[in-house]
Amino acid sequence: MTDVLITPSRLRQFAPRCDADAIAPLLQAAALSFGIDTPREVRHWMATLFCESAGFTRVVEAMGYSASRLMEVWPSRFPTLASAKPYANNGRALANKVYGGRLGNTGPDDGWLYRGSGPIQVTGKFNFKRASEWCGVDFVANPDLLRTWEYGSVAAAGFWKANGLNGIVAADPGEKLFNSIEAAVRANEEDDLRQARKVVNGGLIGLDHVREALLRAAPIFV
């Protein structure tokens, strides 16, 4: 029998602000369904979800940015304060601006309907369609379902498997042994961390945040 790695007590230790009793069983079941079942796989998955879901407290993308913050997050789209102001703290307009016409979004409100959802932030109609296949639920017709822990957890695990992330974070030949788990993770898993981040985010934005979460996850999910 596979060990239960994601328990309420462990999740509470890792993410103290979340509703661990409600969320942990859903995460554990989803992880097992998609083969995320070793401590190394679980800690990388959980570290990623922690960062994408604000410590397991959010399953929908926060779109309430100030004008100055918009210039930092999307500098090519908002090069000036004047260009950013109409979208500041205007989530629907912002989502349709930055996600409209891409990621499979074609309708005038698709950017908003298919904004980042679930604990791994599935984004765009194209990816909602993919998640529908993993979960057996039509998220394109019912996008709010993906913004629940019940379905969002499954979609997050499905994304992980579909994109080969267990293989990315698996142990490599020749990895060195260390006296502490932190030292072992820092020495052996940095390349995995960076590669996984590129798959999830499309780049290395948030890498430091995920690394910090991974180091905290390592001694918990063992």
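Computed from the Cβ-Cβ distance with R0 of 35 Å, the FRET efficiency linking ASP37 to ALA82 stands at 0.10.
Kirkwood hydrodynamic radius computed over the stretch 67-149 comes to 13.3 Å, based on all pairs of distinct alpha carbons. Count charges around VAL222 for me, please; just the other residues with Cβ under 10 Å from its Cβ, Lys/Arg as +1, Asp/Glu as -1. Net local charge, VAL222 excluded: +2.
The C-alpha radius of gyration of the stretch 14-63, expressed as a fraction of 2.2 N^0.38 Å, stands at 1.14. Applying a threshold of 18 Å to the alpha-carbon distances of LYS129/LYS161; LYS97/LYS129; LYS85/LYS125 flags LYS97/LYS129; LYS85/LYS125 as lying beyond it. Over the Cα atoms of the stretch 106-200, the radius of gyration divided by the Kirkwood radius equals 1.13; this is the Rg/Rh ratio.
For ALA183 and ALA29, the difference between the fully extended length at 0.36 nm per residue and the C-alpha to C-alpha distance is 52.4 nm. Seen from CYS51, the other residues with C-beta closer than 15 Å to its C-beta sum to a net charge of +4, counting Lys and Arg as +1 and Asp and Glu as -1. Volume per residue of the convex hull around the Cα atoms, evaluated for the chain, comes out as 126 Å³. For the Cα atoms of the chain, what angle does the longest principal axis make with the long axis of helix 20-33, in degrees from 0 to 90, nearest 10? Roughly 80 degrees between the two axes.
Here the sum of -39500 (n - 2.57) over DSSP H runs of 4 or more residues, divided by the residues of the chain, equals -15500 deg cm²/dmol at 222 nm, to the nearest 500. What size of dipole, in debye to the nearest 20, comes out for the stretch 67-149 about its Cα centre when the only charges are +1 on Lys and Arg C-beta atoms and -1 on Asp and Glu C-beta atoms? Value, rounded to 20: 260 debye. Can you give me the Cα centroid spacing of the stretch 163-222 and the stretch 56-128 in angstrom? Cα centres, the stretch 163-222 to the stretch 56-128: 28 Å. Summarising the label geometry, the points placed 7 Å from Cα in the beta-carbon direction at GLU175 and SER68 lie 4.2 nm from one another. At an R0 of 35 angstrom, the distance between the Cβ atoms of ARG194 and ASN142 translates into a FRET efficiency of 0.50.
Each value in this text was obtained by applying a stated rule to the coordinates, not by laboratory testing. These numbers come from a predicted model, not from an experiment. In this analysis, Cβ positions are derived from the backbone assuming ideal geometry, glycine residues included, and neighbour counts consider all displayed protein chains.
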